[in-house]
Structures are given as structure tokens and as C-alpha cells.
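Read-outs: derived from the displayed coordinates by stated rules, not from any lab. Predicted, not measured: the structure shown is a model, and the values here were computed from it. Cβ placement follows ideal geometry from the backbone for every residue including glycine, while neighbour counts extend to all protein chains displayed.
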Amino acid sequence: MQTPEVEEREPKELIPDPGPSSILGPGHTYNSVTQRIAGVVFLPWKRTPKKWMVGAFIAFCFVNLLMLAMGYLFLRGIGIWGVNIPIGWGFAIINFVWWIGIGHAGTLISAVFFLLKQDWRTSINRFSEAMTLFAVACAGMFPILHLGRPWLAYWLFPYPNSMWLWPQPRSPLEWDVFAVSTYGTVSLVFWYVGLIPDLASLRDSANKLWIQRFYGILSLGWRGSAIHWHRYQKAYLLLAGLSTPLVLSVHTIVSFDFAISILPGWHTTIFPPYFVAGAIYSGFAMVLTLIIPLRAWYNLRDLITLRHIEAAAKVMLGTGLIVAYGYSMEAFFSWYSGDKYESFMYWNRMTGPYGFTYALLILCNIALPQALWSRRVRHNIVLVWILSIIINIGMWLERFVIVVTSLHRDFLPSSWGIYIPTKWDWATYAGTLGFFMFLIFLFVRWLPSISIFEVREVVHHEEVSMEPAVEGKI
Amino acid sequence: MKESLVSLESLLEKSKPKLDVQALRERLAAGRGPAFWRTLEEAAESEELREYVEQEFPGLSGQIPQGVNRRSLLKVMGASLAMAGAAACTKQPKELIVPYVRQPENVIPGLPLFYATAMPIGGYARGLLVESHLNRPTKVEGNPDHPASLGSTTIFEQASVLNLYDPDRSETVLHEGRLSIWSDFTGAFSSEAQSLGMRKGEGLAILSGPTTSPTLIDQMNRLRQQWPTAKWYVHDACVNPAIASAAKKIAGRTALVTYDLSQADVIVSLESDFLNVGPAALLNARQFAARRAIDNGETPVRLYAIESGPTVSGSLADHHLPVKSSAIPGIAYQLAKACGVAAPDVAASAPGWLNGVAQDLNNTKGRSVVIPGEFQPESVHLAAYAINEALGNVGKTVRVMQGVEPDDTHTLEELTTDLNSGHVETLLILGPNPVYTAPASLGFAGAIRKARLVVRLGQFFDETSRLSHWHIPEAHYLETWSDSRAFDGTVTIQQPLIEPLYNGKSAHEILSILLGKPDQSSHDTVKGYWQSQGQGQNKTGGDFDAMWKRSLHDGVVAGSAVGTVNGKAVALAALANGAVSGLEVVFRPDPTIADGTYSNNGWMQELPKPQSKMTWDNVVSISPKNAADMKVTIGDMLRVTVEGRTVTGPAWILPGHAEDSVTVHFGYGREGSGRVGNKIGYNAFAIQTHATPYFASGTIQKTGEHYRLANVQETQTMAGRDPVRVATLAEFREHPNFPTEEEPPLPMDESLYKPWPYTGYKWAMAIDLNICTGCSACIIACQAENNIAVVGKDQVARGRHMHWIRVDRYYAGDLDSPAMYNQPVPCMHCEQAPCEVVCPVAATVHSTEGLNEMVYNRCVGTRYCSNNCPYKVRRFNFYLYSDWNTQSLYGVRNPDVTVRSRGVMEKCSYCVQRIQEMKIQTEKENRRVRDGEILTACQQVCPTQAITFGDLSDPDSKVSKLQKLKRVYGLLDDLNTRPRTKYLGFVRNPNEALRGQSANSRG
């Protein structure tokens, strides 16, 4: 239908970043926005960026590694991992908490910032919502994989059965089941609802019949009428309101997995807020890790601008400080409590066999991110990207330190042990990373990774305010 | 051929090379089920197979190789497969049998029966009650009526059941490595007996383990009457012949020095493990425990332990002097002099300390005892007796019993000499495995080849059987009739619980062949002997059958105990050898697998060694100081050289081990053991010398290699947590509530959750740390009772062992002579159990009787319960640990306990199956369970009765009374878990006079 325009959809030259004060490059019209974003989706296969091909292939290899690791796990049992008595939880739970944490940025950006009318969220909310969804998918795998008898995982759900056996409601793991499944469902619905107008736009600009039908079915008959928009905005607002408490509740409940126990290093009231902050911290780090290469590969510098990157960096700095406060309070209370188990635990955490992980954690999560106070660092895209990866590693180490160093030396010295992850631990972790990346690759290829209609709204607002877009580039 | 279902080419090929005899034997010996078919296919052309098939399926063998057609081949295949499967089961006898229409008395399917029998250890009987489920022995308990058991056992009796079902036991008679049958052997051996008869037994040598069996001794005596030149040799690497020879010098005849510790106030152990080793160990343990009672104001016994490496008994010592094992004779003489015995002069060591000990001994004349070490030379035994005599202990705390071992036996050294000089033509080995257990310096493996005919009766086709002409599978003690005596002479008729699983034979049957009665069964031999002795032995004079039945039922023959004899101290001769001047190498049987008898026993391999908590290996134990000097850490390989012979083993730094002394243990480095015991550890026999078998001068050297050891307890200090709470006697008298004085237990109402209402029983346990020796019998008993899986060395090293009860070892004080504490830790069955609240599927729940129950069926395996258990008593099936495939192991399982599957958590249940069984019985009788009617497995086996289980709601129950004592405390009770299992604090009774004496006092 619109075949001649295909060429125009993709600008040939490098489009400059409009700079930290602008959320959109200059000169955009409704049409140009649609064409630029939909252009990524409608790019012919032959012209798919090489980097996409290579990246997707590597990610797919890791998906296969995950399948292999899972197959062997189901065949042999969780003995293939490094877990033991006393360290009953290992990589599986560390990775679960880490992935769930990453998801939080998406919900925060799309729901909380929506309610707070942060218009800079528009170009990154779609992407971060997808990231949330995929992270929750990765996270959701682990609690099942880590069971001794994973084929009985459904016993955790309260389903009616002839024995009248119900789950045990006092267990935080049971709360987790509800928290994570609610989170997964709401994230999916929110993301999909947000996609509907854009799916309709794709339907309308599709150049092949089957593509048109494909997006047509997905867009659920969206016609863009005033009534549609009216209802849509109500629904979106409601969903945003529904999602907002989840930002706080999910990681709070995940933190209860630890806080409810009696183990020194886990049994801490500070865990809920500090877990939530940590989740957002790692989530924004992951958003940056993904979005910086994305905007470079797809030439979207005028849609995802330095403004977005800087804002995300500032959120990281803020949440990172909350996390740092959490660490210091944990250390302080373990000393101030006078409890022999607590004080030993913290001393062992810093100087025991896993002391190096604690040192690395402080370096990655507290020391290095302080560089973000400097505007020059925040405006240096490469540096921000490296920092985002460092923070991701740091947040993973935080979960490692919490899970392993607390368990490996608890109350009775006779039962102390050591945890050494096996190659299958690493394979499963790397496999979920691959799975996550593979989903991201598929997402940017087949769905608009930036919200078309919301960016068009921004264009509308800018036209009204006539604010000139100026300043430099990177 | 093309249409055939199976390729027959391999069968029909004519030019196949003749089959290797050894290979075929191995294949056939291993063959069950499909293996038969593979053998058939591969070996069809061989002569051996045709013979074998002829034996099994007469008339068929001709059809196999030539002119085979598909039909007949498949027929043979089918038949051999079916028969191969059937061969595993017991066959229906030819005689008329009667179906099970009416139930015989006492046999109720599902309810076990108990039979009394005995297990000989080092020749001496340990009376047992064996639990039998439908004629399948599953668990042994001590026989309370037996003087050497008193209801308890050591680890060896518990583990012996697994030996019965060992899948690697030898199953067939083998002649020169080929399959043979019993009738071939009896034929061959009868003709050998005839030719021996013509020579009057010239050249016949019989080697057995030590024995007290009246029937066997009678058979041997008759044999030696018949053939006076035949010689009887006795060998057991775990039994020191010096004990018997010293007793003989003291009593002037065969005798056994035993101790009555019930009246002892002071005990000095000269490297003796008297609570754990020896014919009267369990009696000693019981009496010692009674003398350590403190709760009613008694003054407990004081134990001084002088030893090179810490023993089980030494861990309870109030004072501990680590010295070289070779220095102990000198110390014994020194002590003798200080106690007024005329003894030759020796170089003094630790004089101040020893004088203090001597002073204590002299203060308690008649109520003290000096116990010589089991592996010390004769001089120490004689000196100890002399001291006891001088102190007036003989007749009070020391008894010299009439000997019950045979008199005129010879040693393994003599046998080697006789073999080498060509005096032995026919060698009959009844049990021992001398090719493995002989000291390397003897060169026994070379000597045995000089005999013309070697017949070996053994449970395994092991090192010795490989060098024998005939190998006869030996019946396990639960499979055959025999008899044996306790240390005091009390006879037990050993009755079998099961028909021999693999047609095993007993020593009685082999000897019967030589006595001209090749078809006499063990039963007839034993019964016949007692019938002939009937009037003499049995004072009741009643009819024999009644006495026989009574004896079988009770497990002891009434009135068969022997009396004491008079001993007289022998003048102490000057010591031939002083202490080893440089480094000393001490040889000892392994604490769990002994001389290798238990090396194929997974339970024993995985049982943590009491001192090191290490499993699946033997180590070179070394003192912390030597280790520091040599810069050796745990697991560094050490080359140990004695007289030019060398073995290499991993180092273990053992706190409390004497300086310049290393201990090596027997039983490892085996080639002929089986799938479990082969090729692990090093063989200490390879550097043993027969002149000084239990210590020798040697050297150690670092090889630079490192070895991965699997120990179950990495940290052996208490790290300020006080899991074991300790006081001296004086402190205890001043502060009887010392364990809880600093931190009183939390008030019972301080919890978010409502307290559980209990209307019925309240099960609870009390563990008295004051009398726990750490012998680990509870661990093995629990393993046998509760079908606990063996996981293997790799899994233990990864921290995944499965024991439901563990015995924690803690050291306190200085490294060279630390205080040692043993703490058995089963599930605490907390009132506020942290595991229960965190299970998402309610797989671990609180019972109405206060048990913390584990529901395997419901468990999905989140392991949260284990993470939240402060005691870490929960065990997880990371893999499918239970062996679901080895058929022979099905027999050993307790049918009352679930065999766990992969992915479920498990833990101590307070032996809930025993609780339920007794509850059902008492409910039928319409009454409550009485105190002491339910014994948990760990409680029942405990030699010192340190574990008490019972009902807390009964104020008069023993456990209620114990839990009301002031020295009671709950482990980690500051966590408000309110454990049902409680501990009684440890009270040490040090000698004030020794306060500050060197570094050896443990106050």
C-alpha cells in the first residue's frame, strides 16, 4: 500500500542527539514519528541490522544452553547445582531476586511516572515495560527450577483438591507466589493495553496483507475514535494506578522471603524499603544497559535522547544512595544490637571466605556510581553504559552476599559450610540472560519499541508550546 | 538368517578364540538377568559355557552352538533369561511343602519378630536381639540380658546387617578362579582329608580369627586329637595378642583381665579405649556412665587419659596427657614406681603430672583402676596389673576371668615361618584375610603360594581368596548356627535369622568334612556339641530340649558364666625398647571400618570418624605442632616411611594428638573389597612391621600434592555460641544451673503464636553430654532404623550427607591438649519450630504430641525449612540417593519407614514408627504408653545411655525428671524455638592438685 515510502522510513545519515534538555529531536511531525518507529518493525529482513542478527543468534544459543541446563536438571535433580546443607538456596534464588528487581524499573517508568506526568517517560516506557515482562518471565522460572520436585510446583497454588490440602499461608514463599503471579499478570495487561493504539498504527501502515491482518487482530479493532481514546485513557490511568502499589509490594514480599526467617543477615526489618530501592536501582541500570545500544543500532538518538539517559542516571544515583543507606544501617544494627549472631554475621560477611564479594559489592553499588554526581559523567553515554553494567553486577552480588554469606555460617559452627556454584549454576544463569536478550531482540523486531502515540502526543505538546529544540550532540 | 530377530552371526562364527577363563568367570559370577544372555552370545563357542549350560539345563547344551535355528535359540534365550531372573529368588524345595493356610503363632505380617543371637567381635560374643520382618533381618539391637551387651551395641553390630545384604558378597564356590559347586568341594576336600588322615594331619594348618565358640574349639580339639601334628593359627589385626599373653603370665593360664568400674573413683587409662573397644566395652561404658552421675550430689569418677591420639574414651577424660604411644610403657613403669611397685628405672617424662596422678591413685586405694591400652605391649599390661595389685584394686575394680579362648594356638608369624619352611602343605583359612591384613614385613602373600592347597572360607572373593585354590562363600553370622562366649564366659547359641542368601557355609561345616562328616550341618554340629555337654554345663539337669529352647529364646545359656581366677603380678622386666626417639608411626584399626572388614559397608564408610568427623578415607593424623613445623595443612599428602616401606596418605591435623607421632589406620587401600571399599585411602598394613605392630619409628615427608577430603564438620570450635555448656564439679556445686545462669530461658508466653494445646503425650528427649563418648553408635543405629541413604564421598564433600542424628565435635582450649566435647544433635522438635512456618505446602507440621513431622509425600523441596532451621538437622535428597536398583539391598530396609525419593527433605522423626507401633499396641490394651516402652533407635543403642526419650506429660517419666534438672538447657534457647530435645550440661571433675600443671589440665 505504502511501498514507496519504505525507503523514506529509514533515514540514511546519523541522526544527532538533541541534547539533555529535549526529549525529542527537532522537526518531528506525527507522520515522521510513526514512520521512524514503525520503520524499525517494517524493515525488510534483508536490511535487518547485522548487529541484530549476530546478537539474536548469540542470545538464541544461550536459550539452547538454558534448555540443556533445564533438561539435565529435571533428569538428575538439583544436586547438579552447588547448593547443599546449610546453603539450601543458591544461584536460583539469587537470580530470581535479581530478575524480579530488574523488572521494577519498567513498572515505575510506565505507571508511577505516568501518574506523576513525567513526559520524558514516553520514549522509554514501552521498552522498559517489555523489559519488565521478560525479566519477570526469567525470574518466574527460578522458583520452579529450584524445587526438589519441580513437577509438583502447582501444589503452591490454592487449587481445590480431593484431599482438602491447601498451601500454608504463613510461609512467605506462598506470598511470593501471589506477588509474582500478580505482578506478571498486571505487567502483561498493562503492556498490552499500552500497545493497542500502536498496533493499530502498524496495521494501518503495514504493506502486506498478512502483516496487516496480524497487527489487525492484535489491535482488537482499535479505530482511534474519540470514544476509544476517552475510554482508553481511563483504562490506562486505572491500570497505572493498579500497577503503582506493585512497585512497592512485589519486592517487599520478595524481601519477606528473607526477613521472615530467623537467620542472621536475613531477619532484618530494613529489608522491604531497601529491597525496593535496590530493585529500582538495578531496573534503571538494566534499562540503560539495553537502551543505549538500541538507540545507536536503530538510529533513534532523536527519540531516546540524552535527557532520558540523564534522568535514568539520576534515578540510579538516588536509589543507589538509598541502597547505600540500607547497607550502612544493616552494618550499624548488627553492631548496635549486640547480638552475637548478628555481629558475627556482618563481620564474617566482610572478612570471611566470601569477603571479596562484599568488597566488590560496595565497589560496584556504592563507590563507582558516585561518579554520576558529575554532569560530565552523566553526559558521557559510554561511561553511563559501563556504569549501568557495573550496577547490574553489583546488584547481583548484593543478592549473592545476602543469600550465601548469611546461610553459610549461621548459628551452630558444626554445620557451617561453603557454597561453590557449579557449571550448571552458571549455565542456568547465562541461559536466562540469553532468554531475556532473545525476547528483547524479538520485541524490537516485531513490535514498536517506542510508544508511537505517546511520542506523537509529545510532538503535539511541543508544537503548542513552540519550544525550540536546541543544544549540542554527543 | 536375514529374517532373524537377533543377529546370530556372532554365535555362528566358528573361528572365535577360546574364551579367557578369568573373564568368563567374572562375567558368570557377575551375571544376573540380561548378563546371562550377553555371556551366551559372546561365549557360545567356549567349553566352559557348554559345561555351565549342561549343568543348568541338562541336555540343552548340545543344541546351542551347532545347527542352531532361530526357534530353538529363542527358546534357550527365553529359558535362560527366565531362569536367570528366578535364580535370584529362593527356589521352592523338592520336598512336599505346605501352603500358608493357617497363620503360625506369632507371625503377623507387618509386625516384626525379635530373635536372640550373638555377633562375635574379636571372638567374643555381643548378645543381640535381631529384628526380623517376615524372616528378613533388618536391624540389630543389644540383648539386655547379655552381660557384654546390656541392651546396647557398638557401631559394628549395627553395621553388620548391611554386610549381610552386601551385593558384592561372594555367591559361589570357586575352584582356581572357576565356578564350582559345594559338592565338588566336599568331594575334593574329603579325599584331601583322607590323605591327611594317612599323614596324621602332617602339613595341615588351620588359620582362623580369634574365637570363643565352644563348638568350634571342640571341633578343633577333636581334629587335633585325630591328627596331632595339625596346627591352629589365630590372626586378627584388631586384636593384640599381648593382651592374652600378659593375662596368661598373670594368671598362669588363659585368662582375661576385666574391670568393674561401678566402684571406681579414679581411672587411669594408658591409651585404653575401654569404653569402646574390647570384649567388655559396653559393660565398661554402662558402669562408667553410672559413675559419672552428679545430679544427686555424688562425686563422679575421675578419668586420666594418657594417649598418643585421642580415643573415644579419652574424649571424656578430666585430664589428658598426649604422649607418644611408644612412651607409654615407660610412663606405666614410672607410674608403677610412684605407686610402690618395684619397677626398673626409666627416663622420667611429665613427672609432676604423673606424681599428681599417682597421688590420686594412692588416695583412692581399692577404688581406683589403671587400664592398659588395647594396643600396648605386654609390659604395659603387666605393669598396669602390678599397679592395680599394689593399690589393692584386684578383686574390687579388677577381675581376672577364666580364659575362654583356646589355649594352644599359634600366631600369623609362626604360620608364615611354617609356610616358608615348607611345613605347611594344606592351609585352611576360616575367615581372616591375611593376604591383606598381615604386616608387610611378613611377606605373607609370597608365603601363601608355597602351600600346595589353600582353602579359603570368606564372605568376599578378596585378596586372600584370589591366592587360594578353593574359595568357599562364608555364611554371615545371621545365616548360620554357631555359639560364642562373652568376656565372662556366658554362652550364646547363635541362631540364624535367615537361610544363607548365597549358600554360604560356616567354619563348622568345613571342619566337619575333616572330621569325616561332610554332610553334617552347622545346626547339628552345634546342637550335638551341647547335647554331649548337656549334663555338665547345664546345672538344672532338666531335659535338653527345654534348656536348648530356653537358651535360644534368652540369648544366653543360663549358668554358663565362668568364674574368676587368682592372678599374681609378675616382676616387671626392664623395657627392651624405649620410646621411639624421632617420629613415631602409630598403627590402629580404623575407627569405623576396623581392619577392612567393613570397607565395603557404605554406612561405615560414611560414618564420620569420631575424632576427625571425616568420612570415606583414612588419613595420617598429625599433631598441630608438627603440622605447623612442616607447614602441612589438612589434605596435604604425606609420605610415611617405615623401614624402607612407604605409603602416601592425606594429613589430618588432630588437636590433642601427641607431638612427633602420627597415627595411621588400617582397612583402606584395598583391591579385593568390592564396589564401595576398593581403591580408597592407603593401605597401612603395607608399612606395618610384625616385630612392633602397633608403633614403629618412621619418617614423614610432604609430597606437595593435595587431596580432597570429605568431612562433615568443617568448624570444630564453638565460636562463642556455647552449644556445649561446661562447668567443673566445684562450679557445678556452686551453680547447679550453670548452663542457663547467664542467660535464663525466655518466658514461655513470649510468642506471636498461641502455644500448642497438648492433651495426650508430649514426646521429648534429654541428652546427657556428661556421658556422651561420641562413639557414633547412634548415627549408625539411626541409619539402619530409618533407611537413611548413603551418598558417597563426593556428596559428603559437597555438604550433603544424610545423617538424621549427628555427633558434633568441639575443641576448646589449647590445640596441643584441648578439651573435647561430643554433642549428639537430632531434630530438636521445637515447640515454636522455625521450619514449620516457612513451608509453603505444609509438608512439615506439628503433631498433637509435639512432634515436628515431615510429610515426604507433600514436600516439593523448597529447602526453606532447612535454611530456617538454626540447628541444621534437616537433610535433603539432592539426587535420588536411596538405592532403588540394587536388589540385595531391598532386604535391609525397614518396612516401617518410607524410602525417600529425590527432591524431598527429611530429618529425625523421634522414630515415629516406633511410637506409633507402641501406641497401637497400648490402645488395644486400653492403657497409656508406660515410660521406657518406646525407645528411639539412638537411645536404645547408646552404650552409656546418654539419650533418654519419653513423655513429658507424665511427671514421673525419666525424661521429665531429667528435663527438670538444673543443668538442663536448650540448644540455642535464646532463639525462642523451645526445643523438645534438651541437653544436660557437661561437668568436669579435675584434680585440683594438677591445676596449672604443664599444659595438660583441661580445667
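If you place +1 on the Cβ of every Lys and Arg and -1 on the Cβ of every Asp and Glu, how big does the dipole about the Cα centre of the range B:399-441 come out, in debye to the nearest 20?
On the way: 1 positive and 7 negative charges, 44 e Å.
For this selection, approximately 220 debye.
In plain terms, the residue of B:V620, A:V189, A:V177, A:V323 with the fewest other Cβ atoms within 10 Å comes first and the most crowded comes last, giving A:V189, A:V177, B:V620, A:V323.
Among the listed pairs B:K139/B:K324; B:K505/B:K549; B:K631/B:K679; B:K324/B:K702; B:K505/B:K679, give every one whose C-alpha distance is greater than 30 Å. Check vs 30 Å cut-off fails for B:K139/B:K324.
Compared with the dominant principal axis of the Cα atoms in chain A, helix A:30-42 is inclined by about 60°.
Computed from phi, the 3J(HN,Hα) profile of the range B:371-380 under the Karplus parametrisation 6.51, -1.76, 1.60 (θ = phi - 60°) reads 10, x, x, 4, 10, 8, x, 3, 4, 5 Hz, with x in place of Gly and Pro. Taking the charge dipole of chain A about its Cα centre, with +1 at Lys and Arg Cβ atoms and -1 at Asp and Glu Cβ atoms, the residue from A:N161, A:W210, A:S282 reaching farthest to the positive side is A:W210. Close amide H partners of B:K702, meaning residues 5 or more places away or on another chain with modelled amide H under 5 Å apart, are B:R639.
Modelled spin labels at B:Y707 and B:E671, positioned 7 Å past Cα toward Cβ, are 1.8 nm from each other.
Could you calculate the contour length gain from B:S191 to B:A342, that is, 0.36 nm times the residue separation minus the distance between their Cα atoms, to one decimal place in nm? Mind showing how you got there, number by number?
Values: separation 151, 0.36 × 151 = 54.36 nm, distance 5.82 nm.
Full-extension gain reported as 48.5 nm.
For the peptide A:400-413, the mean number of other protein chain Cβ atoms found within 10 angstrom of a residue's Cβ is 4. Within straight-line reach of B:K982, meaning a Cα separation under 26 Å, sit the following lysines at least 8 residues removed in sequence or on another chain: A:K340, B:K609, B:K613, B:K754, B:K762, B:K872, B:K907, B:K919, B:K958, B:K961, B:K964, B:K966. Note on chain A: dipole from Cβ charges, positive end direction compared against A:Q118, A:H230, A:T432; the farthest Cα belongs to A:T432. Under 5 Å between amide hydrogens, built in the peptide plane, is the criterion, and for B:S661 it picks out B:E584, B:S623 among residues at least 5 positions away or on other chains.
Given R₀ = 51 Å, what would the calculated FRET efficiency be for A:F74 paired with B:E731, taking r from the Cβ atoms and rounding to 0.05?
Working: r = 57 Å, r/R0 = 1.13.
With R0 = 51 Å, the Cβ-Cβ based efficiency is 0.35.
Helix A:50-76 versus the longest principal axis of chain A: what angle, 0 to 90°, nearest 10, using Cα atoms? That works out to roughly 30 degrees.
Give the order of B:C782, B:C859 when sorted by the count of other beta carbons within 10 angstrom, beginning with the fewest.
Values: B:C782 24, B:C859 28.
In order of increasing Cβ crowding within 10 Å: B:C782, B:C859.
Out of the chymotrypsin sites (Phe, Trp or Tyr not before Pro) in the range A:164-195, which ones are loop residues according to DSSP with at most 12 other C-beta atoms within 10 Å?
Answer in residue order: A:W164.
Rounded to the nearest Hz, the phi-derived 3J(HN,Hα) couplings of the range B:748-758 under the Karplus curve 6.51 cos²θ - 1.76 cosθ + 1.60 (θ = phi - 60°) are 5, 9, 8, 7, 5, 8, 5, x, 5, x, 10, where x marks glycine and proline.
Could you list A:L290, B:L607 so that the one with the fewest beta carbons within 10 Å of its beta carbon is first and the one with the most is last?
On the way: A:L290 22, B:L607 28.
Placing the least packed residue first, the sequence is A:L290, B:L607.
Along the axis of the charge dipole computed for the protein assembly as shown (Cβ charges of +1 for Lys and Arg, -1 for Asp and Glu, origin at the Cα centre), the listed residues A:N64, A:S171, B:T633 are led at the positive end by A:N64.
Pairs of Cα atoms under 8 Å, at least six residues apart: use those to get the relative contact order of chain B, whole percent. Don't jump to the answer; show the numbers that get you there.
On the way: 2185 pairs, mean separation 130.0, N = 1003.
Here the relative contact order equals 13 percent.
Expressed per residue, the C-alpha convex hull volume of the protein assembly as shown stands at 234 Å³.
Do you know the relative contact order of the range B:583-711, to the nearest whole percent, from alpha carbon pairs under 8 angstrom that are 6+ apart? Working shown, then result.
On the way: 306 pairs, mean separation 48.5, N = 129.
It rounds to 38 percent for the range B:583-711.
Peptide packing for A:78-85, B:183-190 was compared via the average number of neighbouring C-beta atoms within 10 Å per residue; ordered from the highest value, the list is A:78-85, B:183-190. For chain A, take the longest principal axis of its alpha carbons; what is the angle in degrees between that and the long axis of helix A:122-145, to the nearest 10 within 0 to 90? Helix A:122-145 sits at roughly 30 degrees to that axis.
Once backbone amide H atoms are built at 1.01 Å from N, B:K982 has B:M765, B:A766, B:I767 as its partners under 5 Å, excluding neighbours fewer than 5 places away on the same chain. What is the range B:396-491's relative contact order, in percent, from Cα pairs under 8 angstrom and six or more apart in sequence? Taking the mean separation of contacting Cα pairs over the length of the range B:396-491, I get 26 percent.
If you place +1 on the Cβ of every Lys and Arg and -1 on the Cβ of every Asp and Glu, how big does the dipole about the Cα centre of the protein assembly as shown come out, in debye to the nearest 20? Can you show the working numbers first?
Numbers: 133 positive and 133 negative charges, 555 e Å.
Once rounded to the nearest 20, the dipole reads 2660 debye.
Our coupling estimate for the range A:219-235, obtained by passing each phi through the Karplus curve with A = 6.51, B = -1.76, C = 1.60 and θ = phi - 60°, is 7, 6, x, 5, 10, x, 6, 4, 5, 4, 4, 4, 5, 4, 5, 4, 4 Hz, Gly and Pro reported as x. The alpha-carbon atoms of the range B:255-402 define a convex hull whose volume equals 100 cubic angstrom per residue.
Report, as a whole number in µm² per second, the diffusion coefficient that Stokes-Einstein gives for chain B at 4 °C and 1.567 mPa s using the Kirkwood radius over alpha carbon pairs. Each step should come with its number before you reach the end.
Values: Rh = 30.3 Å.
After rounding, the answer is 43 µm²/s.
Out of the range B:894-1003, which trypsin sites (Lys or Arg not before Pro) are coil in DSSP terms and have no more than 11 other C-beta atoms within 10 Å? Here the trypsin sites (Lys or Arg not before Pro) that fit, given the DSSP loop and packing criteria, are B:R927, B:K964, B:R995.
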